[in-house]
Amino acid sequence: MTDNAVESEGVKLQTPSRVNPEFKHEVLSMPGGETLKYCFQCGTCTSCCPIADITDSYRPRTAIRLAQLGLEERLLSSDTLWLCAACYTCTDHCPQGVEVKDVLRVFQNLAVKKGYIPRVYREVGKNILNAGYAYKISKFKMKKRIEKGLPPLSETPPAHMEKLAKATGFHETIAEMEDEE
Amino acid sequence: MSGKSESTGNSESKKDAVLKYAFYLGCATPLRERAYEISARRVLKELGVKLVEMKGVNCCGLPIDAVNHEMTLALSARNLVIAEKMGLDILTLCSGCTGQLMKTNKHLKGNRESRERVNSYLKIIRMEFKGTIEVKHLLRVFIEDIGFEKLKTYIKRPLSGMRIAAHYGCHLLMPSKYLEFDDFEDPKFLREFIALLGAEPVRYADEKECCGAVIAGVNLDLPLNLIADKFRNVKNAQADAMTTICPSCHLMYDQHQSSAEKMFDETYNMPVLHFTQLLGLAMGIPAEELALDELKVSSEGLLTAMEQTAYVGQSVRKVWS
Ligand code: SF4
Ligand code: SF4
């Protein structure tokens, strides 16, 4: 298998200092990451994944293996971490009961903590903090709603969004990104 | 408890009682796919289902799960609490919202540690998750609360001769342990719905293939590959139209159809209707009231063919092509 070759090549290239033996424990301790340890590398997740089906660069099984091996930096800095379409096909097919999609999401959350995050999430995050919705709300669209006979869109109290964001650490992530702008 | 205050619990009486729900719109439907909201409200009015608007709600949380799972839980729990205070079950249109709200609801109901953690966030805004309501996608309301038998009595203009391909999408089925609905590998609910409307459900290759909407903002090429695949399969099966049950899937197949055509230098010309629009048409509601004109890929040819076949009783495809 091609991804096997890539993986073992990558493992050989890593120097011992790049391995973080604690990394898997960090994943295991996070909500949703608990099942990482059950993976026995059968490859079912990759073979049923709609994204892996159309691109060679995305392999959920490989991502799980990198975490088990402690190759933290290589896993978290990879662009391909963000190609999961969140369809849950892998989760429903894993013979070992690994919550594959949730484990991958834990990797993404950890990548964000290290500062790796695709731009689009900044936009979405800002929209939610400002007005509670993932998309921007334009005056034009709101007017159009009324014209079409729809009730006005309910308004979210921004203070609630901010408070929840501060309690969960989401605020920090989005604010930091704004500083970088 | 049951969120439907005017029903008494057992499923028989439920089907006769006035159904009432807290209506959760989410983001994609009102802000990107208005036709879905318009047609859903229109058919539900006709069916006598009462919708109570939810005040002060926010995004379901799914779009930022990859960034911060705790915030996602807090956002979805906040919506659930608003419905709890209304004493009503939530009715959803978006499969993504449905999946997120159902997962959070079930998880928080069954896991004390998570519930306490999320409630510690909600406490700051003076809210508390109690776990007293359920979440249901509109299609599940049709199946489980209204029942197909009763729904059938509303069909006045069967869509005879129309060959329709069902796009199931992912989040109404998976993860199956949370959704507990149909067979996640080979579902049939949407084909049965199409048959109920008098149309012919078309089987095609890779029916369960994902639309890829979740990563469209990160990498649009991959989802375009997925939807092109879908159109080829659907066309091979000679479908006249496709139908979706989720605004994000619809956005991919309708609004991005032309991008996929350009990318692969192919022509699909495949109308993609919201399942509520199809139902409305079959109920005899005029097309103008179902916002069919808001679709990017025109359904005009399809509708004209429908008009004609209604009189001559032949297949839409013969008339149309
Ligand atoms: S299907 Fe499960 S056990 Fe098999 S490789 Fe994927 S995560 Fe590991
Ligand atoms: S959830 Fe992600 S990794 Fe799993 S099958 Fe879907 S796209 Fe692939």
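Every number here is computed from the coordinates shown, using simple stated rules; none is lab data. What you see is a predicted model, and the numbers here were worked out from it, not measured in a lab. Using ideal geometry, Cβ is built from the backbone for each residue, glycine included, and neighbour counts are taken over all protein chains shown.
General remarks:
- Legend: translational diffusion of the stretch B:26-116 by Stokes-Einstein, Rh = Kirkwood radius over C-alpha pairs, 20 °C, 1.002 mPa s; D = 152 µm²/s.
- The mean number of Cβ atoms from other chains found within 10 Å of a Cβ in peptide B:183-193 is 1, as a whole number.
- Amide proton proximity set for B:K50, modelled H, under 5 Å, gap of 5+: B:L19, B:K20, B:Y21
- When its C-alpha radius of gyration is set against 2.2 N^0.38 Å (N residues), the stretch B:204-297 gives a value of 1.08.
- Long-range amide H partners of B:A165 with built H, under 5 Å: B:V202, B:D240, B:A241, B:M242, B:T243
- Within the stretch B:115-165, the proportion of Cα pairs with more than 14 Å between them is 71 percent.
- Zero-based 10 Å bins, Cα pair distances in the protein assembly as shown, whole percents: 4, 19, 29, 27, 15, 5, 1, 0
- Between B:S176 and B:M263, the simple spin-label model (points 7 angstrom out along Cα→Cβ) gives 2.9 nm.
- Inter-chain neighbour count for B:104-111: the average number of beta-carbon atoms from partner chains within 10 Å of each residue's beta-carbon is 0.
- Highest average packing first - A:112-121, B:276-285, Cβ atoms within 10 Å: B:276-285, A:112-121
- Remark: the stretch B:59-64, residue by residue, has Karplus-estimated 3J(HN,Hα) of 3, 5, x, 3, x, 10 Hz, where x stands for each Gly or Pro and the curve is 6.51 cos²θ - 1.76 cosθ + 1.60 at θ = phi - 60°.
- Annotated for the stretch A:119-180: lysine pairs at least 8 residues apart or interchain, Cα distance under 23 Å, count 11.
- Highest mean packing first, where packing is the average number of other Cβ atoms within 10 Å per residue, the peptides B:100-109, B:300-309 line up as B:100-109, B:300-309.
- Stokes-Einstein D for chain B, Kirkwood Rh over Cα pairs, 37 °C, 0.692 mPa s (µm²/s): 162 µm²/s
- Total lysine pairs in the stretch B:88-170 at Cα distances under 25 Å, for residues eight or more apart or on different chains: 11.
- Inter-part distance where the stretch B:164-205 and the stretch A:19-45 are each reduced to a Cα centre, Å: 33 Å
- Cα gyration tensor shape for the stretch A:71-132, rounded if a/c is under 1.5, else prolate or oblate: oblate
- Reach of A:K114 by Cα under 14 Å, taken over aspartates and glutamates that are not fewer than 8 positions away in the same chain: A:E26, A:E72, A:E73, A:D79, A:E172, A:E176
- Converting phi to 3J(HN,Hα) with the Karplus coefficients 6.51, -1.76 and 1.60 and the offset θ = phi - 60°, the stretch B:188-198 yields 10, 4, 7, 5, 5, 5, 4, 5, 4, 6, x Hz in sequence order, with x at every glycine or proline.
- Across peptide A:131-137, the mean count of Cβ atoms from other chains lying within 10 Å of each residue's own Cβ comes to 6.
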